[in-house]
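Heads up: the structure comes next, in structure tokens.
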Amino acid sequence: FHGNDQFIGMDFKDPAIDWVGLASSMGVTATRVTDPDQLKPALEAALANPGPNLLDVVVDGKV
């Protein structure tokens, strides 16, 4: 939508969802990444691990 500031989609802030805990409870390997320096090793580990993986990457909400 051009020209307006409407929020499109969903913002999962309230209540906060523990994506790593949720994925882990279903047997999925999951990692939370809060620092940019953690991203590459976490991605490499996920790609090396067979099966489903979840990377919960925290980004600045202003971006």
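Among the residues in region 12-22, are any exposed (fewer than 13 other Cβ atoms within 10 Å of the Cβ), small (Gly, Ala, Ser) and at pLDDT 95 or above? The answer is yes, given that some residue of region 12-22 is exposed (fewer than 13 other Cβ atoms within 10 Å of the Cβ), small (Gly, Ala, Ser) and at pLDDT 95 or above. Going by the structure shown, is GLN6 modelled with pLDDT of 85 or more, out of contact with any Pro (no Cβ under 6 Å at 6 or more places or on another chain) and polar (S, T, N, Q)? Against the criterion (modelled with pLDDT of 85 or more, out of contact with any Pro (no Cβ under 6 Å at 6 or more places or on another chain) and polar (S, T, N, Q)), GLN6 does not qualify.
The values are calculated or read from the model by the stated rules, or taken from the named source; none is laboratory data. Model, not experiment: these values are computed from the prediction. No Cβ is skipped: glycine too gets one built from the backbone with ideal geometry, and neighbour counts run over all protein chains shown.
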